[in-house]
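K.L.:
Sharing a structure with you now.
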Amino acid sequence: MNRIKNINSGVKYMLIASILFAFMGAFAKLASEHMSSLEVVFFRNVFGVLTIGYAVYKTPMIQRGGRPFLLFFRGFMGFTALLAYFYNIANISLGDAVTFSKTAPIFTAIFAWLFLKEKLSLKAWMAVFIGFGGILLITQPNLGFTKYDLLGVFSGIGAALAYTSVRELKKYYDTRVIVLSFTITGTIGPIILFVLSEYIHISSLDFMMGKFVVPSGIVWVYVVALGLLGTLSQIYMTKAYGETKAGIVGAVSYTNIVFAILLGVLLGDALPTFLTLCGIGLIVIAGIMVAKQK
């Protein structure tokens, strides 16, 4: 009975996290109409620094430490993946941007096999190939890969590299420090890029460049909302994984795509084409198959 109760709680928390995450993407899309994606990333992470920083202040950390370069790598990959993700949110449909980011578990399985020597079962390999099939249906390479396709795939790869490094970092650091490495990098990185943007003008790098514009009026609502919703979604996601098996929670997390498509349409996105829907379906199936292996 308790087991069923825990599963129900885990599913409930992940559904809440998925809804919050989709709304965060919606507010990021609205904010992107008034500022660069770089600035959206900055505000998203500032709230994370304040929240996690306060948690560290209230409860001191207990950790071994000793892997500063890996810690920086986790923060840097998470930051660059988020840059690509928010840039795509600003320029393509919300559903497509979220779907690309949800390829992370598929790439994580590959990187865990490559770098952590974790074994992949036949089902896991099948999931990887199904996931790549889904990516091909969405990107339709016969028409040529677009910049958004490449950045979308990178948002999944970058997040996967960050997640893979977390598996090793958890042996050495408090979880809050690992999250803080990401939010601090995601706060300092944009400040450096704001300065560089004054001197570097390369159109192909526009996803990581931008001028800081002080928000005004309704835009403050957008940036505060995306910061708070992003933080709350992380909290509920953590609670979900603490309640029940990762495979069940991971499978439920793909409802995020459905919520994102619905919100995107409300914001003016076109409905996905048949091929895109098939691609989304394959990525969801692959993600659930990978989650079940955990």
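Yes/no per residue for (1) among the small types (Gly, Ala, Ser); (2) in a helix (DSSP H, G or I); (3) closer than 19 Å to residue 262 by Cα:
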residue	(1), (2), (3)
12	no, yes, no
17	yes, yes, yes
26	yes, yes, yes
33	no, no, no
42	no, yes, no
56	no, yes, no
61	no, no, no
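K.L.:
Somewhere in segment 101-114, is a residue among the hydrophobic types (A, V, I, L, M, F, W, C) and outside any helix (DSSP H, G or I)?
P.N.:
Within segment 101-114, not a single residue is among the hydrophobic types (A, V, I, L, M, F, W, C) and outside any helix (DSSP H, G or I).
K.L.:
Take the conditions aromatic (Phe, Trp, Tyr) and closer than 30 Å to residue 60 by Cβ and apply them to residue 222. Does it pass?
P.N.:
no
K.L.:
If you go through segment 141-199 one residue at a time, how many are polar (S, T, N, Q) and over 22 Å from residue 228 (Cα atoms)?
P.N.:
Of the residues in that region, 5 qualify.
K.L.:
Mind counting the residues in segment 205-221 that are aliphatic (A, V, I, L, M), surrounded by fewer than 17 Cβ atoms within 10 Å (Cβ to Cβ), within 26 Å of residue 154 (Cβ to Cβ) and under 23 Å from the mean Cα position of the chain (by Cα)?
P.N.:
Counting residues in segment 205-221 that are aliphatic (A, V, I, L, M), surrounded by fewer than 17 Cβ atoms within 10 Å (Cβ to Cβ), within 26 Å of residue 154 (Cβ to Cβ) and under 23 Å from the mean Cα position of the chain (by Cα) gives 1.
Here's the yes/no breakdown for (1) buried (at least 19 other Cβ atoms within 10 Å of the Cβ); (2) under 19 Å from residue 77 (Cα atoms); (3) of a type outside the set (A, V, I, L, M):
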residue	(1), (2), (3)
182	yes, yes, yes
188	no, yes, no
197	yes, no, yes
228	no, no, no
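K.L.:
Just for segment 164-183: of the residues that are among the hydroxyl-bearing types (Ser, Thr, Tyr) and not in a loop (DSSP other than H, G, I, E, B), which one is modelled with the lowest pLDDT? Before you say what the answer is, go through the steps one by one.
P.N.:
As a first pass, look at segment 164-183 and keep what is among the hydroxyl-bearing types (Ser, Thr, Tyr): 164-165, 172-173, 175, 181, 183.
From what is left, the residues that are not in a loop (DSSP other than H, G, I, E, B) are 164-165, 175, 181, 183.
Values: 164: 86, 165: 88, 175: 80, 181: 88, 183: 90.
Among residues in segment 164-183 that are among the hydroxyl-bearing types (Ser, Thr, Tyr) and not in a loop (DSSP other than H, G, I, E, B), the one modelled with the lowest pLDDT is 175.
K.L.:
Can you tell me which residue within segment 63-97, out of those that are farther than 18 Å from residue 185 by Cβ and in a helix (DSSP H, G or I), is farthest from the chain's Cα centre (by Cα)? Break it down stepwise before answering.
P.N.:
So in segment 63-97, the residues farther than 18 Å from residue 185 by Cβ come out as 63-64, 66, 88-97.
Okay, now just the ones that are also in a helix (DSSP H, G or I), so 88-91, 94-97.
Numbers: 88: 12, 89: 12, 90: 15, 91: 17, 94: 13, 95: 13, 96: 13, 97: 10 Å.
Per the criteria, the residue is 91.
K.L.:
While we're looking at this one, here's another question. Across segment 184-210, what is the number of residues that are charged (D, E, K, R) and either in contact with a Pro (Cβ under 8 Å, 6 or more places away or on another chain) or not in a helix (DSSP H, G or I) (or both)?
P.N.:
Within segment 184-210, residues that are charged (D, E, K, R) and either in contact with a Pro (Cβ under 8 Å, 6 or more places away or on another chain) or not in a helix (DSSP H, G or I) (or both) number 1.
The values are calculated or read from the model by the stated rules, or taken from the named source; none is laboratory data. Please read these numbers as outputs of a predicted model, since none were measured by experiment. A quick note on method: Cβ atoms are made from the backbone with ideal geometry, for glycine too, and the neighbour counts reach across all protein chains shown.
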